[in-house]
Amino acid sequence: MADTLKDIPEFFETELGESIAARTDALGTFRELGPPDLCHVIKAHSKPGMKELGSYHYVSGVDASSSATLAAYLNSLTYSLDDTQSWFSKSNAWRIRSGIYCCFNAFSRVDVRVEVKIPGGVESYYVDVRGERHEATAAIWQETYLSAVLRAILYSDDSYYRLAGYRKIDPINNLAGEQRFLEAVEALFWRGWQLGSNPEIQTATTVHNHLTSGVMKYFGDSFRYGPAIELYQKLQKKDPEVGALLAQSFIGQNEEIKAVKVLNEDLKRMPMSYPLLHVQVDYLRSKAGI
């Protein structure tokens, strides 16, 4: 086998582990949703005395819901080593000895990591801004999963994230995956403001943040707002301002009468609500052709 991964862009290190060390040092500078995931592998040669190689690539869309799913991605790379055909047989000189997968948790501002030794065991933990290791809890894993999905959705066509060595995978490829995404959104919805927001929104709020932007983009790209409407109808009972998102979803679904009704009812409860007024103004301007 050659020392490169087939069909996967990658960078080679000058010193083993330098990409991991650099990410750890930069952890305190990560803002909002943070950087794409980092996958680092060490390749060993079967010939004694050959220097080990460290390489890495950036990736988004990998299932980050548990250590098992991230370990599965690392293990899948063993089948991606480029086979080089000789005259009589395939050479298998290079193999992946170990790997580390790094995924930034944008809610708790920590870097969740999974280390795999091949063959061998799996170790998972998270690193804080001081570089200290901690055990990853179920809550940390849920936050990490949603952070990873939102990055994959929002960065998919963002010109600022046209990076070299960046592999993009579809984060949601079936209805079961979509349902899990919605469950995570519902569980963490009221903390969405912690993720930051688009530049035109000066201060992230419950309604305007990267979490709600990700939900609207995902369902808007497929013109299928039904699941978003169901989600927002449940959340609206706790905060009338969620009606702004519900009304936007109804408008996207071409159910404008329902959108107007939602805005009318929620503005009676919160007449000075900026999110509700903003959606109402945008809707009226669109009807006036302004």
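What follows draws every value from the coordinates through simple rules; no lab data is involved. Source: prediction; values computed, not measured.
Annotation: the chain has a Kirkwood hydrodynamic radius of 21.0 angstrom, from the mean reciprocal C-alpha pair distance. Calculate the tail of P(r) for the range 1-171: the fraction of all Cα-Cα distances greater than 28 Å, expressed in %. Here the long-distance tail beyond 28 Å is 22 percent of all Cα pairs in the range 1-171. Normalised size of the range 172-290, defined as Cα radius of gyration per 2.2 N^0.38 Å with N residues, equals 1.03.
The count of lysine pairs in the range 172-290 with alpha-carbon distances below 20 Å, taking only pairs 8 or more places apart or on different chains, stands at 13. Where both bridge residues fall in the chain, DSSP classifies roughly 90% of the beta bridges as antiparallel.
Summary value for the chain: 15 percent relative contact order, contacts being C-alpha pairs under 8 angstrom separated by 6+ residues.
Helical content of the chain, expressed as a calculated mean residue ellipticity at 222 nm, amounts to -12000 deg cm²/dmol (DSSP H runs of 4 or more residues, -39,500 (n - 2.57) each, divided by residue number, nearest 500).
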